[in-house]
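One structure below.
The values are calculated or read from the model by the stated rules, or taken from the named source; none is laboratory data. As the structure is a computational prediction, the values presented were derived from the model and not from experiment. No Cβ is skipped: glycine too gets one built from the backbone with ideal geometry, and neighbour counts run over all protein chains shown.
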Amino acid sequence: MKIRKPILDLVICLAVVLLTSAAAFADTIKLRDGSVLKGKVVSYSQRKFTIVVYIGGTGSQHVIPVEEIESVEFDSSDVGTVSRADVGAPAATAPSRAEIPRDNIPAPIPNETAAPRDEPRTAPEPDTSPSDANTSSVPAIAEKTVSVAGAADWTSTEIRVQKGQRIIISATGEVDLGDNQRSGPEGLSIADNRKLIAARPTGALIAVVGDDNDDFVFVGKATEFTSPHNGILFLSVNEGNLKDNAGAFVARVRVLSGR
C-alpha cells in the first residue's frame, strides 16, 4: 500500500496499527529532497518516523520528520532483514544500493569500442586535494568520522547531502585485500577487472551519493567534490571481491554549502 503526500496525514492515524506488522517488511520512505530510505519502519512518535536501514548486514537508524517525507510505502511482502546478499528477495521497487552485492556488478568489457553502458560511470573529480586553508574556516553543515570496513560492500555515513553541496573527505588506516596485500586509502597498483572505478588503484577509498546510480567518486587519502545528486553518502573500497578483506579505513567527512 503506497501512501502519497495528499493523504500523508492519514499515516499518523494508521502508523500505530501498521508499524507492528510493517516491522517485518521492507519499507520505503521517499523524501522531498529526492532521497530514498529502504529498510524497516520501527516506530512513529511526535510526527517522526524511525526507520532502520541495513547496510552490509548492519542496521543504521534514521529519524525522519513528517515534513520531510514525500511518501511512505509499506511492503506487503515479508522479506525480513534485507542485506546486500539478499538479491533474490522480492522488493516493491528497484533494488537499492544496500541490496546489490558487489559480485553482481558486470566485469568491464575488454573491447574499448564496446557499448559503454556496462562500464561504471565516474563523477567529475577535482585535480587537486582539498586545501585546509580554504575550507577550515567554512562552517560545516554536517561532519562525521566513519569507520569503513574493508569487507563491507558499502558503509553508510548516515549523512544526507543535497546536489551542489561540497563534500570533503580525508582518510587514514589500512585494509588487507587478501594474500597479505595491504593498502592504504590511496590504493595499490594491482590488477582487478571487477573494481568499480577501473582507472583508479585497487583497494582505494571510494564514495557514491545515493543508491540508484553508478557515479562513483575516487577519494583516496583526501578529496573534495560537489555532490551530483541528493541522497545518502556511502563509502567503500575499490575492489571487486571484498569477502577476504580485513581491516578498515577511518574517514573524516565534512559537508559544506555549495560554492
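Key figures
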quantity	calculated
Criterion: surrounded by fewer than 16 Cβ atoms within 10 Å (Cβ to Cβ), more than 26 Å from Ser35 (Cα to Cα), in contact with a helix residue (DSSP H, G or I) (Cβ under 8 Å, 6 or more places away or on another chain) and not assigned by TED's automatic domain parsing to the domain that holds Val53 - qualifying residue of Asn241, Asn180, Asn193	Asn241
Selected residue (criterion: farthest from Leu196 (Cα to Cα)) from residues of the range 222-233 that are crowded, with 21+ Cβ neighbours inside 10 Å and among the aliphatic types (A, V, I, L, M)	Ile232
Yes/no for Glu158 being part of a strand (DSSP E or B) and under 21 Å from Ser35 (Cβ atoms)	yes
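Condition check ((1) at negative phi; (2) assigned to a strand (DSSP E or B); (3) surrounded by 22 or more Cβ atoms within 10 Å (Cβ to Cβ)) across all residues:
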residue	(1), (2), (3)
Ile206	yes, yes, yes
Asp212	yes, no, no
Gly220	no, no, no
Leu235	yes, yes, yes
Ala248	yes, yes, no
Arg252	yes, yes, no
